[in-house]
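Engineer: For reference, the structure I am asking about is given below.
Please treat every number below as a calculation from the coordinates, not as lab data. No experiment lies behind these values; they were computed from the predicted model shown. When we count neighbours, we look across all protein chains shown, and the Cβ atoms used for this are built from the backbone with ideal geometry, even at glycine.
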Amino acid sequence: MISPHGNRLIDRRSKDSDRERILEGFSDYHQIDISTETAQEIDNIANGVFSPLEGFLNRNDFESVLNDGRLSSGIAWTIPIVFDVDDKDLGRTKPGDYLGLRLNGKSVARLLVEEVYPYEKSDFAEKVYGTEDPKHPGVEKISGMKEHLVGGQVDLLDDIGNPYPEYTLAPSETRELFKKKGWKTVVAFQTRNTPHLGHEYVQKTALSMVDGLFINPLIGKKKPGDFTDEVILESYKALMENYYPEQTTAMSVLHTEMRYGGPKEAIHHAIMRKNFGCTHFIVGRDHAGVGDYYGPFDAHEIFDEYPEIGIAPIKFRSFFYCKKCSSIANDKVCPHSGDDIVNFAGRKIREMLSQGQPPPLDMMREEVAKTILKYDNPFVE
């Protein structure tokens, strides 16, 4: 099976004996409350989703990721995983001390403070997202961050809560699942949308090249207008139950927020799926993009900068339904145009669904559309 990124699957979950000892002394730490999003970052570090990270980035790693798209060790890494604080959060905490981290009043983790450092928000935004436009969701988030970053190792002490436990597997568990299924090659599909026929075409085309397909919807904070987590999961469940063979497909969710970072987020998405045990990763048109900030195939081209990344990208161009071919195709294999072509425009599909209309059968499976239309509002507000 493919090695985790950095060759070691990180596990920062405290064992029972250590957990009890740490919680007994938790009152000795300076404590702060964290957001659900920060707690999820800690959970992903602790469970190995972000391997080889063992905590939040220190200054050298942070600057190396911004400037070179790599950790200071040279390992590929494109999205900074950071923890922002202000002076009030830190209190008298100094390097070498622990911070106690609480979520909704519960002690969930501790952070060994290795370094506290300043950063330039404009530099952060420009080097990760390629823009300082405040309308970009990632830039908007950075603009609201606090003044310092804290680098240091984390220990997860308690469950942070999970609305979809039946759909959730850690990297150690997906690796065991793939082994049990006898899959030596696995292709991962990243999605933040409900499936239309174009998605199905891409997934099944990629599946024809490997042993198994791992559908891995992203569950977490998204921008308004995106589909809600529950709708994404239920619609995929309807698709898989009716149109996918159980022996060659599996689904589990990825709990993290969308950053809309285009090409750099495509690398980040691939690394996480490598940690889950996937050998291949589907990269679509404008992967992880938003608006017009990135070119349609920038996310394809960036993989050329990381030939050693260890997970193979499968790059798909635009795809559509061709009435004349009576099949789904792309511009590389289909010569037709004009009225013969039905594009899988996400905006058009959303408009139909928001008006209570099922998309036509040459766009979306009937079972999927019915599942989505059961919800009064399937979109994030």
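Engineer: Mind pulling the angle between the C-alpha long axis of helix 171-181 and the longest principal axis of the chain? Nearest 10 degrees, somewhere in 0 to 90.
Structural biologist: Result, in degrees: 40.
Engineer: Another question, then. Restrict the search to segment 273-381; then list the chymotrypsin sites (Phe, Trp or Tyr not before Pro) that DSSP places in a loop and that have at most 16 other Cβ atoms within 10 Å of their Cβ.
Structural biologist: Answer in residue order: Tyr375.
Engineer: Whole-Hz ³J(HN,Hα) for each residue in segment 194-199, computed from phi via Karplus 6.51 cos²θ - 1.76 cosθ + 1.60 with θ = phi - 60°, x for glycine and proline: what do you get?
Structural biologist: Rounded to whole hertz, the list is 6, x, 10, 5, x, 4.
Engineer: Then there's this: Quickly estimate the mean residue ellipticity at 222 nm for the chain, helices only: each DSSP H run with n ≥ 4 gives -39500 (n - 2.57), and the total goes over all residues, rounded to 500.
Structural biologist: Working: 13 runs with 123 residues, N = 381.
Estimated from H runs of four or more residues: -9500 deg cm²/dmol.
Engineer: Calculate I(q)/I(0) for segment 5-156 by the Debye formula, one identical point scatterer on each C-alpha and no solvent, and give its log10 at q = 0.09, 0.12, 0.14, 0.17 Å⁻¹ to two decimals.
Structural biologist: -0.28, -0.51, -0.70, -1.02
Engineer: Please work out the Cα center distance from segment 172-186 to segment 1-52, rounded to the nearest Å.
Structural biologist: 24 Å
Engineer: Karplus couplings for segment 352-366 from phi (6.51 cos²θ - 1.76 cosθ + 1.60, θ = phi - 60°), rounded to Hz, Gly and Pro as x?
Structural biologist: Per-residue couplings from phi come out as 4, 5, 5, 8, x, 9, x, x, x, 5, 8, 10, 8, 4, 4 Hz.
Engineer: Same structure, new question: Sequence-distant or interchain residues sharing an amide H contact under 5 Å with Asp97, placed H: which?
Structural biologist: Val113
Engineer: Going by amide H atoms built from the backbone, whose H comes under 5 Å of the H on Phe56, apart from near neighbours?
Structural biologist: For Phe56, whose amide H was placed from the backbone, the distant partners under 5 Å are Gly152, Val154.
Engineer: For segment 111-199, run through the trypsin sites (Lys or Arg not before Pro) and keep only the ones in DSSP coil with at most 16 other Cβ atoms within 10 Å of their Cβ.
Structural biologist: Within segment 111-199, the qualifying trypsin sites (Lys or Arg not before Pro) (loop, at most 16 other Cβ atoms within 10 Å) are Lys135, Lys146, Lys184.
Engineer: Give me, ordered by chain and number, the residues 5 or more places off Ala188 or on other chains with an amide H under 5 Å from its own placed amide H.
Structural biologist: Long-range HN contacts for Ala188: Phe214, His280, Phe281, Ile282.
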